[in-house]
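Reading through the structure tokens given below for one structure.
The values are calculated or read from the model by the stated rules, or taken from the named source; none is laboratory data. Keep in mind that what you see is a predicted model, and the values were worked out from it rather than measured. Cβ atoms come from the backbone with ideal geometry, glycine included; neighbour counts cover every protein chain shown.
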Amino acid sequence: MGTLTFAQGRGQEARKPRRWQLGAVLGALVWVAIFSSPAAADRLRDGTRAFAAHDYVTAARIFTDLAPLGDARAQAYLGYMFAHGQGVPQNYMLAAGWYRCASQQGLPAAQFMLGLMYDKGQGVPQDYVIAYALLARAVAGAGPDREHWAKIRDAVASKLSLIERVRGQQLAFEGLPGGSCLPIVTGY
């Protein structure tokens, strides 16, 4: 499936990729090659095994090494661990920051969890429109949890006026404003 552009349907020139698109694709491939190394994959696997075995301190140490390198899954795990105080002191601001990092990379689980934090005002200002936008993006990319996530999204939508809901849908479609995912320096 190709990317939709406003120029589609205007002729053959609309189908030609632009130089910046090719550069972005090549840049993404290089990024994946660098951060998808077997060593990083092994470390992530070690971290998820430690987490599954309830060895949260070991998992936190491993994820803390991987997350700053851009590993979205490690960032999401750290978000969860900070939100629940597992292996690290509970800190909603850091949880939201790590979820934001993974969310900006398109990880649906991180988008869902960050949406819940905006709904509850945990570590971020309470904002139902942003919560709805994040939850809508998460549902769009959800796997087996889609039905449950859709119910949560719809519950948040029930808190919004029509104008707010339309704004949330617009944000979900266009993407939330970027910026730094972690506004504070973390050291663990």
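Filter segment 40-56 for residues that are among the acidic types (Asp, Glu) and surrounded by 13 or more Cβ atoms within 10 Å (Cβ to Cβ); which is nearest to the chain's Cα centre (by Cα)?
Filtering first and then ranking leaves 46.
Could you list, in sequence order, the residues of segment 67-86 that are in a helix (DSSP H, G or I) and surrounded by fewer than 21 Cβ atoms within 10 Å (Cβ to Cβ)?
Those that are in a helix (DSSP H, G or I) and surrounded by fewer than 21 Cβ atoms within 10 Å (Cβ to Cβ): 68, 69, 72, 73, 80, 84.
List the helices (runs of 4 or more DSSP H) inside segment 105-188, counting only whole elements, that have at least 1 residues being exposed (fewer than 14 other Cβ atoms within 10 Å of the Cβ).
Here the list reads 108-120, 146-157, 162-174.
Scanning segment 146-181 for residues that are of a type outside the set (Phe, Trp, Tyr), out of contact with any helix residue (DSSP H, G or I) (no Cβ under 7 Å at 6 or more places or on another chain) and within 14 Å of residue 111 (Cα to Cα), which turns out modelled with the highest pLDDT? If you could, list the steps in order and put the result at the bottom.
Within segment 146-181, the subset of a type outside the set (Phe, Trp, Tyr) is 146-148, 150-172, 174-181.
Narrowing further to those that are out of contact with any helix residue (DSSP H, G or I) (no Cβ under 7 Å at 6 or more places or on another chain): 147-148, 151, 154-155, 158, 161-163, 166, 170, 174-175, 177, 179-180.
Subset that is within 14 Å of residue 111 (Cα to Cα): 175, 177.
Details: 175: 84, 177: 76.
Result: 175.
Can you list residue pairs whose Cβ atoms sit under 7 Å apart, with the first residue in segment 66-82 being assigned by TED's automatic domain parsing to the domain that holds residue 93 and under 14 Å from residue 43 (Cα atoms) and the second being charged (D, E, K, R) and not in a loop (DSSP other than H, G, I, E, B)? Count only pairs 6 or more apart in sequence or on different chains.
66/43
So residue 89 fits all but one of (1) farther than 13 Å from residue 100 by Cα; (2) assigned to a helix (DSSP H, G or I); what number is the exception?
(2)
Go through 160, 176, 134, 116 for me and flag whichever is in contact with a Gly (Cβ under 9 Å, 6 or more places away or on another chain), closer than 19 Å to residue 95 by Cβ and not polar (S, T, N, Q).
Numbers: 160 fails: closer than 19 Å to residue 95 by Cβ; 176 fails: in contact with a Gly (Cβ under 9 Å, 6 or more places away or on another chain); 116 fails: in contact with a Gly (Cβ under 9 Å, 6 or more places away or on another chain).
Criteria check complete, one pass: 134.
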